[in-house]
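Notes follow the structure.
The values are calculated or read from the model by the stated rules, or taken from the named source; none is laboratory data. Just so we're clear, the structure is a prediction, and the values are computed from it rather than from any experiment. Note that each Cβ is placed from the backbone with ideal geometry, even for glycine, and that neighbours are counted across all protein chains shown. The accessibility values were calculated without ligands, DNA or RNA, using every heavy atom of the protein model including side chains. Shrake-Rupley method; radii C 1.70, N 1.55, O 1.52, S 1.80 Å.
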Amino acid sequence: GLSQASMRSWIQAFSNEVHAKTTRWATVYTTTDWWTKCTGNWSGLSQTNPLFIARYSSSPGTLPAGWGTWTFWQFADHGTFPGDQDQFNGSATRLLALANNTP
């Protein structure tokens, strides 16, 4: 029931609170459609927060505004492993750096 402006404010405040308490930026999990509909395709978190794009397809498709790439992609709800099928966009070294909050 929030307006797009109110949703953006709420998301920004939540992200800032997570960062203040953990020194990590929250990963944004969304679909491009939801992000566009609910935030007006706001690019406000794209420079700090990793993107976890949900799109059951053969490609991640168009990303929300500002994100030039995705960090995680949820590409299916079933497959080789039980549950959702996800892909990390990078090497094992980069995944470890993200997990350890290091550059």
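For the reader, a short list of remarks on this structure follows.
- Centre separation in Å (Cα based) which lies between segment 59-86 and segment 9-37: 17
- Distribution of pairwise C-alpha distances over segment 62-103, 10 Å bins, in %: 25, 40, 34, 2
- Segment 44-85: C-alpha pair distances exceeding 15 Å, %: 43
- Per-residue ³J(HN,Hα) for segment 38-51, Karplus 6.51 cos²θ - 1.76 cosθ + 1.60, θ = phi - 60°, Hz, x for Gly and Pro: 8, 10, x, 6, 5, 9, x, 9, 5, 8, 10, 9, x, 9
- Per-residue SASA entry for Leu2, accessible area with 1.4 Å probe, Å² rounded to 10: 100
- 3J(HN,Hα) along segment 9-17: 4, 5, 4, 4, 4, 4, 4, 5, 5 Hz, from the Karplus curve 6.51 cos²θ - 1.76 cosθ + 1.60 with θ = phi - 60°, whole Hz, x for Gly and Pro.
- Near Gly40, once Lys and Arg are set to +1 and Asp and Glu to -1 for all other residues with Cβ below 13 Å from its Cβ, the sum equals +1.
- Measuring how big segment 1-41 is from its alpha-carbon positions, Rg and Dmax come out at 11.0, 30 Å.
- Among the protein heavy atoms, those of Thr23 account for about 90 Å² of accessible surface (1.4 Å probe, every chain in place).
- Candidate residues Trp34, Trp67, Trp10: accessible-area rank, largest first, probe 1.4 Å: Trp10, Trp34, Trp67
- Orientation-averaged projected area, Cα convex hull of the chain (nm²): 7.4
- With every protein chain in place and a 1.4 angstrom probe, the accessible-area ranking of Phe52, Phe81, largest first, reads Phe81, Phe52.
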